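Read the structure below first, then the notes.
The values are calculated or read from the model by the stated rules, or taken from the named source; none is laboratory data. The structure presented is a predicted model; accordingly, all values stated were derived computationally and were not measured. Cβ coordinates were reconstructed from backbone atoms using ideal geometry, including for glycine residues, and neighbour counts include every protein chain displayed. We work out accessible area using only protein heavy atoms, side chains counted, and drop any ligands, DNA or RNA first. Shrake-Rupley method; radii C 1.70, N 1.55, O 1.52, S 1.80 Å.
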Amino acid sequence: MSILSDYIKGRPEKSRSQWADEFGISRPHLHCLLEGSRLPSLDVATRIAVATGGAVPISSWPNIAAVLAAAQHELPAKFG
């Protein structure tokens, strides 16, 4: 289960359509994110992080966490 699905389940006052609108994505896209069959782009992950007040951070998504981790290891070697 993703952090996003836990976050949304904890706030039943909003429908999935309302969450999708708040995140700026379609309801089917939100469904795919919640079930784990799709990962967000950096832009979508950023919008989700902002809309959730940081409760669902960008780094909670495995595809983005891997990119961030790789960048942290490569930047000192290239620019240091």
Neighbour cut-off at most 16 other Cβ (10 Å), DSSP loop, trypsin sites (Lys or Arg not before Pro), region 1-37: Lys14
With every protein chain in place, the chain: carbon and sulfur % of accessible area (1.4 Å): 59
Solvent exposure of region 1-45 as accessible area per residue, Å², 1.4 Å probe: 61
Between 0 and 90°, nearest 10: helix 62-79 axis offset from the chain longest Cα axis: 20
Sequence-separation-based contact order of the chain, relative, with Cα cut under 8 Å and 6+ spacing, percent: 24
